[in-house]
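The values are calculated or read from the model by the stated rules, or taken from the named source; none is laboratory data. Since the model is a prediction, treat every value here as computed from it, not as a measurement. Quick reminder, even Gly has a Cβ in these numbers, built from the backbone with ideal geometry, and neighbours come from all protein chains shown.
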Amino acid sequence: MRELKSVEEKILDKALYLIGKNGSFNVPIRAIAKEADVNVSAINYYFRTKDEMLLHIKEFYIENTISAYSILDCDEFSDEEKIILLANEIMEYTLKYPGIFTILKEAMAKKEIDAIDAKIVEITDAMNDKMDRILSKVFKNNNATYQYNRMIFLSSILHPISNMDTINFDSNMVNDKKQRLDYISYIVNRLK
């Protein structure tokens, strides 16, 4: 996952956080400025318009998605290790940027009319195809069972993050990297 280094990226970070919290792109510039601890003129300086800022957020999403899934190309890990590390990256990324669900949902709805949204869907689909190829080797099930196990696996990594405020469990299991990796390993081993 790409780390944020500049004021511009800090603004993108906080905008992405607020998009997730709000569940839509309808976040006022003033709210983003307040969350990023900058003045509105800083946002105007870096992005000129809210639409330009949203374009940068979508590009940031694409870069981080590709970066998170790059672990699948590392030959130093077994297929099972790749899946565990990928799931950890997805959980970590979703914890930090809850707006990714909103970005993907909006892109799916507008992929026919907007080039950047079409690219988001294309990249996400390509990365998920890559994950599926490795996941199918790890689970080694027939097609119907594999589809069930894939759904359980994805639900197991996405549900705790997207419902942290509504479910009653020890949040350290998700927030602490070691506990998160132990949890993911447990899920993978149960599904094999």
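Observations on the structure shown:
This table checks each residue for (1) surrounded by 19 or more Cβ atoms within 10 Å (Cβ to Cβ); (2) on the phi < 0 side of the Ramachandran plot; (3) polar (S, T, N, Q).
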| residue | (1), (2), (3) |
| --- | --- |
| 36 | yes, yes, no |
| 44 | no, yes, yes |
| 75 | no, yes, no |
| 81 | no, yes, no |
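- Among the residues here, residue 188 does not qualify as under 19 Å from the mean Cα position of the chain (by Cα) and buried (at least 16 other Cβ atoms within 10 Å of the Cβ).
- Which listed residue is without any contact (Cβ under 8 Å) to a residue 60 or more places away in the chain and under 21 Å from the mean Cα position of the chain (by Cα), from 92, 35, 76: 35
- Candidate set: region 109-137, residues that are of a type outside the set (Ser, Thr, Tyr) and touching a Ser or Thr at 6+ places or on another chain (Cβ under 9 Å); chosen: the one nearest to residue 180 (Cα to Cα): 127
- Output for region 30-84, where each listed residue is modelled with pLDDT under 90, among the β-branched types (Val, Ile, Thr) and assigned to a loop (DSSP other than H, G, I, E, B): 49
- Flag if residue 63 is surrounded by fewer than 19 Cβ atoms within 10 Å (Cβ to Cβ), farther than 21 Å from residue 160 by Cβ, under 16 Å from the mean Cα position of the chain (by Cα) and among the charged types (D, E, K, R): yes
- Residue match in region 109-117 (condition: more than 23 Å from residue 28 (Cα to Cα), in contact (Cβ under 8 Å) with a residue 40 or more places away in the chain and within 18 Å of the chain's Cα centre (by Cα)): no
- Among the residues of region 118-161, not one is more than 16 Å from the chain's Cα centre (by Cα), closer than 29 Å to residue 24 by Cβ and of a type in the set (S, T, N, Q).
- Residue in region 129-139 that is within 30 Å of residue 54 (Cα to Cα) and buried (at least 17 other Cβ atoms within 10 Å of the Cβ) present: yes
- Test: residue in region 88-100 that is in contact with an Asp or Glu (Cβ under 8 Å, 6 or more places away or on another chain) and outside any helix (DSSP H, G or I): yes
- Answer residue from region 140-176, given it is more than 18 Å from residue 96 (Cα to Cα), β-branched (Val, Ile, Thr) and surrounded by 12 or more Cβ atoms within 10 Å (Cβ to Cβ) and is modelled with the highest pLDDT among those: 152
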